[in-house]
Amino acid sequence: VAEGAKEHFFNQYKDAITPEKVVKEIDNNTAKLKKKEPKFYSITVSPSKYELKRLQNSSADLKRYTRELMKDYVACFNREIDG
């Protein structure tokens, strides 16, 4: 895959987060967890055909869509999004 074609990790505030930083953040997310409780959950974002058409296959649109979706997801847990 060409370097320019790669997609990077992103969060609510940043578009290019290194894999090393992602691993470090997950590994350090243990303060309130029980010993056998998972440190990481993976969710799948699966836009409908209508939503995909509106996103126009744009990486920027998909990131914006995902960020808005995550606000609703986090609200279900009564938590604030950290930067």
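The values are calculated or read from the model by the stated rules, or taken from the named source; none is laboratory data. As the structure is a prediction and not an experimental result, all values here were calculated from the model. With ideal geometry, Cβ positions are generated from the backbone for all residues, glycine too; neighbour counts draw on all protein chains shown. Surface areas here come from the heavy atoms of the whole protein model, side chains and all, with no ligands, DNA or RNA. Shrake-Rupley method; radii C 1.70, N 1.55, O 1.52, S 1.80 Å.
With every protein chain in place and a 1.4 angstrom probe, the accessible-area ranking of Tyr50, Tyr65, largest first, reads Tyr50, Tyr65. For Phe9, nonlocal amide neighbours, meaning residues 5 or more places apart or on other chains whose placed amide H falls under 5 Å from its own, are Ile17. Among the listed pairs Lys35/Lys63; Lys6/Lys53; Lys35/Lys71, those with a Cα-Cα distance over 26 Å are Lys35/Lys63; Lys35/Lys71. To the nearest 10, the accessible area of Ser48 is 50 Å² with a 1.4 Å probe. Listed peptides 6-13, 28-35 appear in the order 6-13, 28-35 once ranked by packing, highest mean of other Cβ atoms within 10 Å at the front. A simple spin-label model places pseudo-atoms 7 Å from Cα toward Cβ; at Ser46 and Lys32 they are separated by 2.9 nm.
Where a Cα-Cα gap under 24 Å defines reach, which lysines qualify for Lys34, not counting those fewer than 8 residues away within the same chain? Correct list for Lys34: Lys21, Lys24.
Given their separation in residues at 0.36 nm each and the Cα-Cα distance between them, Tyr13 and Asp72 gain 19.6 nm when the chain is fully extended.
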